[in-house]
Amino acid sequence: MTGNDLRPRPLAGRGRPLRAVPENATAGDIAARWAGQQYAALGVTENPEYGSPAWVQLRAEDPRRAAAIIEAAELWRRHRAHEVWLDRLLDDDPDRWYSIVTGEANAAARKIAPALARRLTADELRARRAQFKPVHVIRATPGWPPIAIPGRPGWYRHLIDGEQVDLQRSATPGQETRG
């Protein structure tokens, strides 16, 4: 490659070509064998994920870059093959398709079912909230400071001469008003 030649050097194709292919091999089988040979020929043990920042920073000649591309292509091929298989299964055997597609969700549901069974239902929660609960009466106690009255900011309940008295605290101490 000369300084003016901007053509990228081939990274794939370093391995030997596939010569022996089993008689009843599918296109997917052949592609998987080719990808395995190419990956092995690159001599890479680890490579960054295709499209990741680490992958982008690799030089074009780095074999890890090609290895990541081959790995991503093989993963995509497998993914598509699985989707095609599921589509075919949906047409041929919908019951089996349904059991496969919902298998993970069913396993997760079986795991959490005991905990869910112990929880209250929405109707049970509503019924509990609807039950009458007596209001807690705020009572000032001898020897204790006044108690803030909930829902009435600035008002406090005092115990004065044995009686419960509500007073509003003013900015000037000693000038409380009775409520």
(request) Please indicate, with yes or no, whether at least one residue in the range 56-63 is without any contact (Cβ under 8 Å) to a residue 24 or more places away in the chain, part of a loop (DSSP other than H, G, I, E, B), in contact with a Lys or Arg (Cβ under 9 Å, 6 or more places away or on another chain) and surrounded by 11 or more Cβ atoms within 10 Å (Cβ to Cβ). (result) yes
(request) Please name all residue pairs, on different chains or six or more residues apart, with Cβ atoms under 9 Å, provided the first residue is in the range 81-108 and is under 21 Å from A27 (Cβ atoms) and at pLDDT below 95 and the second residue is part of a helix (DSSP H, G or I) and open to solvent by less than 60 Å² (accessible area, probe 1.4 Å). (result) A81/G28
(message) Need the failing condition index for I69 against (1) open to solvent by less than 60 Å² (accessible area, probe 1.4 Å); (2) of a type in the set (A, V, I, L, M, F, W, C); (3) closer than 30 Å to V21 by Cβ; (4) not in a loop (DSSP other than H, G, I, E, B), just the number.
(response) (1)
(request) State the number of residues belonging to the range 38-55 that are over 25 Å from A27 (Cα atoms), open to solvent by 40 Å² or more (accessible area, probe 1.4 Å) and part of a helix (DSSP H, G or I). (result) 2
(message) Given the criterion in a loop (DSSP other than H, G, I, E, B) and modelled with pLDDT of 90 or more, identify the matching residue among P134, P153.
(response) P153
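The values are calculated or read from the model by the stated rules, or taken from the named source; none is laboratory data. This structure is a prediction, so every number in the text was calculated from the model and none was measured. Reconstructed Cβ throughout: ideal geometry from the backbone, glycine too, with neighbour counts over all protein chains shown. Heads up: the accessible areas ignore ligands, DNA and RNA and are worked out on the full protein's heavy atoms, side chains in. Shrake-Rupley method; radii C 1.70, N 1.55, O 1.52, S 1.80 Å.
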